[in-house]
Amino acid sequence: MYYIKSIMKNTIFRLTECIYYFSLLVLIILYLFPGSLIGYFLYGNLGQQPNLITNPIGTSINHLIFFSYITSLAIIVRFRVKNIFTSFKVILFTSGILEILHFVVPNRAFELYDLVANITGVTIVLLINSLIKWRKYL
């Protein structure tokens with residue numbers, strides 16, 4: 001029985017790891033593509049960004065959600081795989097540099113709110129993770 005549980009844990013972990021690396025690849029493609037691929041698939045318009053949640057800051061909420069998601073996956077994967085791709089500093093750097101690259105990617109525009117949302121998404125998850133670790137030691 002223990003052997004089966006071990007295999008299941010390893011399988012779930014490997015699946016999570018694959019989802020994480022696939023999500024990183026999707027993130028880079030979506031950020032560096034000259035236009036909105038998601039807008040094209042949803043609306044047939046490369047210039048229209050989808051708005052997942054109606055809010056006063058517009059599509060920046062998408063950035064916050066995705067970077068929170070990617071950071072959460074990185075924390076899970078980092079339990080077993082410690083490499084540059086799961087490093088929090090690299091994720092934080094990536095969240096900034098990808099938005100800054102919109103200065104040079106055609107048909108994309110740098111948005112300060114998007115940059116703030118990217119960094120906030122990473123930071124919130126890291127703070128929650130730190131709080132959980134801190135509570136463990138009490």
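Coordinate-derived values only; no laboratory data. In this text, all values refer to a predicted model and were calculated from it rather than measured experimentally. When we count neighbours, we look across all protein chains shown, and the Cβ atoms used for this are built from the backbone with ideal geometry, even at glycine.
Roughly what angle does helix 60-78 make with the longest principal axis of the chain, taking Cα atoms, 0 to 90 degrees, to the nearest 10?
The answer is roughly 20 degrees.
In which sequence would Ser60, Ser87 go, from the one with the fewest C-beta neighbours within 10 Å to the one with the most?
Numbers: Ser60 22, Ser87 14.
With the fewest neighbours first, Ser60, Ser87 line up as Ser87, Ser60.
Pull out the extension gain between Phe88 and Trp134, defined as 0.36 nm times the separation in residues minus the alpha carbon to alpha carbon distance; nm, one decimal.
Working: separation 46, 0.36 × 46 = 16.56 nm, distance 1.74 nm.
Once the chain is fully extended between Phe88 and Trp134, it gains 14.8 nm.
Name the residues whose placed amide hydrogens come within less than 5 Å of the amide hydrogen of Leu52, ignoring near sequence neighbours (fewer than 5 apart) on the same chain.
For Leu52, whose amide H was placed from the backbone, the distant partners under 5 Å are Asn62.
Got a sec to turn the phi values of segment 47-55 into Karplus ³J(HN,Hα) couplings, 6.51 cos²θ - 1.76 cosθ + 1.60 with θ = phi - 60°, whole Hz, x for Gly and Pro?
Once rounded to whole Hz, the list reads x, 9, 8, x, 10, 5, 10, 5, 7.
So if I place +1 on the C-beta of Lys and Arg and -1 on the C-beta of Asp and Glu, and nothing else carries charge, what would the dipole magnitude of the chain be about its Cα centre? I want it in debye, nearest 20. Walk me through the numbers on the way to the answer.
On the way: 11 positive and 4 negative charges, 181 e Å.
Charge dipole, the chain, about its Cα centre: 880 debye, nearest 20.
Say the dipole of segment 2-136 comes from +1 at the beta carbon of Lys and Arg and -1 at that of Asp and Glu; which of Ile38, Ile12, Ala74 then lies farthest toward its positive end?
Positive-most Cα among the choices belongs to Ile12.
Just to be sure I follow the definition: excluding the sites themselves, where is the longest run in the chain that has none of the chymotrypsin sites (Phe, Trp or Tyr not before Pro) in a DSSP loop with at most 14 other Cβ atoms within 10 Å?
On the way: sites that count: Phe79, Phe110, Tyr137.
It works out to 1-78.
Which of Leu25, Leu64, Leu73 moves most in a GNM of the chain, Cα contacts under 10 Å?
Leu25
Summing +1 for each Lys or Arg and -1 for each Asp or Glu, what net charge is found among the other residues whose Cβ lies under 15 Å from the Cβ of Asn55? Could the numbers behind the result be given before it?
Details: positive: none; negative: Glu111, Asp114.
So the surrounding residues net to -2.
Between the helical axis of 2-32 and the dominant principal axis of the chain, each derived from Cα atoms, what acute angle in degrees is found, rounded to the nearest 10?
Rounded to the nearest ten degrees, it is 20.
Under the Kirkwood approximation applied to all pairs of distinct alpha-carbon atoms, what is the hydrodynamic radius of the chain in Å?
On the way: mean 1/r = 0.0608 Å⁻¹.
By the Kirkwood definition, the hydrodynamic radius is 16.4 Å.
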